[in-house]
Amino acid sequence: MENKTTGIDTIRKTIILYISLALFQSVYGEKCFHTVEDHTFTITCEGATMEDYLDDIFEMKIHIRDFKDNKGTFYINIKLHNCNLSHIDEWIYIPWEEYMQQVSELRITNSSINHIQSLNRFNELKILDLSSNDINDYAFLESMKSLTHLYLAHNNFSPDSSLFDYIRGLYRLSVIDLSYSNLKNFTMSLRNNIVNCNLSHSNNLREIFFYGRDYNIYNLDLTDNRNLIACHLNYIYIGHLDLSNSYQDFTDILRDTQICDKITLKDNYLPVLNETTLNLNFFYCGRRSILGLSIDLSNTSLADISEAFFSGRILNELNLSFNNLSKLEYPLFFESKLVNLNLSSSNISSLSPKVFSSLTVKTIDLSNNNLRWLDGTFSRAHTIKKIILSSNPIASITKSAFKKCRDLESLDLTNTYALYSGNVFATLPSLRNFDASFSKSLYTPEILNMNLSSLTIVNSRLDKLNSSSFKGFYRLKRLTFVNSSSSGMSKNVFKGLYSLMYIDISGLSDLNIDPRIFKPLKYLKVLDLSNYNLTDLQNNLNTLQSLEILNLSSNVLQLKKDSFSGLRKLQVLCLTDNKLSSLPVGLFASLKKLTDLYLNKNYLSQLDPGIFSNLNSLEMLDLSHNQLTANSLHNIVPISVSNMKYLYLQNNYIRMQSRSNVDYYFSIIVNHPSLKRIDVNNNEWRCSILFYLLLLLRNNYISYLPDDPSYKETNIDGIRCTS
């Protein structure tokens, strides 16, 4: 019985193959293509006519049936863009008679539609996108009770379209987009909570009415509506209200508005902030979180804030960046509670010594201002955990600048190039992350904090780094250089960094790296040596017994059999772009824990037998962009590599002459027990041979959809081929 069933399956697959081959000439070079992800079958048509849509989808139906057989429960998404359709009537249903209930998403955009007869036979449709058309009559919406998402952006609504009457009956609607429209008034009766309502960029919009009681609109986007005069939101709870670039006088429009989480007023004109121009007492919300309201007033030409305006407020985030504040005085924030305070890029040159007095705050961003002195600024900011002062012309920093900030965990002084007077950070027991810029010396005694775990050096031009440069940083775990340079490094430069686990010196330019400098780093886990023109490692990395991630990309390495011996904990090895033409046998023999191996963008034309044999933990192998041929396939995934899940072979020279070649060369790959995905795009495929390979992969539940599909050329499922 089992043999009979197997024989029937073989006959069925052969029939499917030959039918598909007979059709592929018209399927794979046309206006519509399909993609598959999890339980969703998506059809996309670009520039199609009604006839293209019908012809192409009927020819795809064999794939839909096959997908249904494999998945059981599945969904169909239809996307038509830049098509010449003008009207939608019964023809839209013709290919879907047996799949009406599977169609869950329909997008017909920028397709010149002016009339839709009905769409109600798609009775499980959840998402409908008709953006960028010219529809006059919306009666078809009346019977679409299953809709949850409706997108009608870039449409011109006529006064007699009765749009709001039809929307009123969509009880499940949670997302509505009417942006970029000619609406003058918007009216909506709420029957449920709305997740997103987008009415932005509607220059004619003057009044908004929401009717209902105790419903939520989690996001209401009114961006760029400069003629708006009234917003009636009584008894409606708004999560986030966005009025960016919309209005100049918010006094009346925001009165009695219940904003619970965030209000965005950026890109408006609000030079003076007081109770007349913006009364925060209007924003009462009985459902507000304990963190408080977030307010974005960035880029509003703000120059003057009334005394104690934010005093006593409970706010989550307050963004006053990109303004012209010049000077901040006490008691602006007196007894306020803030999580994040953003004062960046606001032309601030002066802060009164008590401006942050009695302010409970976690993060203050003062970057890109004109501050020269800090003495006393943070003396009463006892709760602060993060300070950002980057890109300020700070002349010097004394020991008293942060003395009282005993909870300070992170400090950013990049692009300040300040002089440090005394051991500035020694009294900060909580400091863990320090980012800074230096002109020549690191000023190690002045910046030393033995509790520091992360040091990032940015935009620095340093003298030679030696054994004293990092002396005393016993607990440093992470060292990073960004856009910096050094005149050199001594052999013992990292001696004493006993706790270092991560080092990235790829941001150190014009430096000849001697791999011997890393020998003392016994606990190093991550090492990035990309882009250094390294040629020979000389076994200098073999002492890094804790190393887990090693990036050697974009060098010119000449690898030897023992180049990586000793790296027994290595999990990720990147050898991308090293001009490698061969790999010595035994190169990876000691890498028992390696899970990810990148060999892409090299000149590999063949692989010796056994090259990957000992990689029992390998899950991902990237051999893309090489010169591999079919003869190497047997050596790619040996039987011992039992955990392989992802294999990338795109952009090589693989070609087959017959189905028997596929059976021979791909037998181990196709039947691999754990392989989940393979990419074989941009090889030298004949379409008939490729189709047979993809059928084998599909029958073994191995995904083959490419990362960079070639739908505009002759292809099968985005994989380029020739007839």
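Read-outs: derived from the displayed coordinates by stated rules, not from any lab. Quick caveat: nothing in here was measured; it's all calculated off a predicted structure. With ideal geometry, Cβ positions are generated from the backbone for all residues, glycine too; neighbour counts draw on all protein chains shown.
Of Leu628, Trp685, Asn600, whose Cα points farthest to the positive end of the dipole of the stretch 596-720 (charges on the beta-carbon: +1 Lys, Arg; -1 Asp, Glu; origin at the Cα centre)?
Projecting each Cα onto the dipole axis, the largest value belongs to Trp685.
Within a 10 angstrom radius of the beta carbon, how do Cys687, Cys231 rank from fewest other beta carbons to most?
Cys687, Cys231
When the Karplus curve 6.51 cos²θ - 1.76 cosθ + 1.60 is applied with θ = phi - 60°, which whole-Hz ³J(HN,Hα) does each residue of the stretch 347-355 get, with x for Gly and Pro?
Computed from phi, the couplings for the stretch 347-355 are 6, 7, 10, 9, 10, 5, x, 10, 4 Hz.
Give me the lysines in straight-line cross-link reach of Lys495: C-alpha distance below 23 Å, same-chain residues under 8 apart excluded.
Lys440, Lys464, Lys471, Lys477, Lys519, Lys522, Lys525, Lys569
Pairs of alpha-carbon atoms within less than 8 angstrom and 6+ residues apart define the contacts here; what relative contact order does the chain have, in percent?
Over the chain, the number comes to 4 percent.
What is the distance in Å between the Cα centres of the stretch 381-443 and the stretch 563-605?
So the two Cα centres are separated by 41 Å.
Filter the chain for me: DSSP H helices, axial length by Cα at least 30 angstrom, mean Kyte-Doolittle hydropathy not below -0.5. List them by residue number.
Helices meeting the criterion: 2-27.
Label 7 Å along Cα→Cβ of Arg475; the stretch 390-404 residues with amide nitrogen under 20 Å?
402-404
Among all the lysines, which ones have a C-alpha under 23 Å from Lys362's C-alpha, if same-chain residues fewer than 8 places away are not counted?
Here the lysines satisfying the reach criterion relative to Lys362 are Lys262, Lys266, Lys327, Lys337, Lys354, Lys385, Lys386, Lys399, Lys403, Lys404.
If you wrap a convex hull around the Cα atoms of the stretch 596-720, how much volume per residue is inside, in Å³?
It is 90 Å³ per residue.
Taking the Cα centre of the chain as the origin, how large is its charge dipole in debye, to the nearest 20, when only Lys and Arg (+1) and Asp and Glu (-1) carry charge on their Cβ atoms?
3580 debye
Out of Leu54, His240, Ser352, whose Cα points farthest toward the positive end of the dipole of the chain (charges: +1 Lys, Arg; -1 Asp, Glu; placed on Cβ)?
After comparing all options, I get Ser352.
What order, most packed first, do the peptides 645-656, 415-426 have when packing is the mean number of other Cβ atoms within 10 Å of each residue?
Packing proxy ranking, top to bottom: 645-656, 415-426.
Can you tally the net charge around Leu527? Count Lys and Arg as +1, Asp and Glu as -1, for every other residue whose Cβ sits under 13 Å from the Cβ of Leu527.
That works out to +2.
For the stretch 342-417, what class follows from the C-alpha gyration tensor (a ≥ b ≥ c being the square roots of its eigenvalues): rounded when a/c is under 1.5, otherwise prolate if a/b is larger than b/c, else oblate?
rounded
Taking the Cα-to-Cβ direction at Ser112 and at Ser723 and moving 7 Å from each Cα, how far apart do the two end points lie in nm?
Going by the 7 Å Cα→Cβ label model, 2.8 nm.
Rank the residues Thr73, Thr35, Thr377 as a footprinting-exposure proxy: fewest other Cβ atoms within 10 Å of their Cβ go first.
Thr73, Thr35, Thr377
Hey, which lysines would be in cross-link range of Lys712, C-alpha to C-alpha under 18 Å, not counting anything within fewer than 8 residues on its own chain?
Hits, sequence-local ones excluded: Lys31, Lys79.
Could you tell me which chymotrypsin sites (Phe, Trp or Tyr not before Pro) in the stretch 453-499 are loop residues by DSSP with no more than 16 other beta carbons within 10 angstrom of their beta carbon?
Within the stretch 453-499, the qualifying chymotrypsin sites (Phe, Trp or Tyr not before Pro) (loop, at most 16 other Cβ atoms within 10 Å) are Tyr474, Tyr498.
Counting other Cβ atoms within 10 Å, keep those with at most 16, restrict to DSSP loop, and tell me which trypsin sites (Lys or Arg not before Pro) in the stretch 510-547 are left.
Taking the stretch 510-547 and a limit of 16 other Cβ atoms within 10 Å, the loop trypsin sites (Lys or Arg not before Pro) found are Lys522.
Which of the chymotrypsin sites (Phe, Trp or Tyr not before Pro) found in the stretch 545-614 are loop residues per DSSP with 15 or fewer other Cβ atoms within 10 Å of their Cβ?
Of the chymotrypsin sites (Phe, Trp or Tyr not before Pro), the ones in loops of the stretch 545-614 whose Cβ has at most 15 other Cβ atoms within 10 Å are Tyr603.
Tell me, what is the FRET efficiency for Glu97 and Lys561 to the nearest 0.05, using R0 = 56 angstrom and their Cβ-Cβ distance as r?
My answer for the efficiency is 0.30.
Starting at 0 and stepping by 20 Å, how many percent of the alpha carbon pairs of the chain end up in each bin?
P(r) over the chain, rounded to whole percents: 14, 30, 39, 17, 0.
Starting from 0.36 nm per residue, how many nanometres of slack lie between Asn120 and Val572 once their C-alpha separation is accounted for?
157.5 nm
Kindly identify the stretch 211-295 as rounded, prolate or oblate by the Cα gyration tensor criterion: order the square roots of the eigenvalues as a ≥ b ≥ c, call it rounded if a/c is under 1.5, otherwise compare a/b with b/c, prolate if a/b is larger, else oblate.
It is prolate, given that a/c is not under 1.5 and a/b is the larger ratio.
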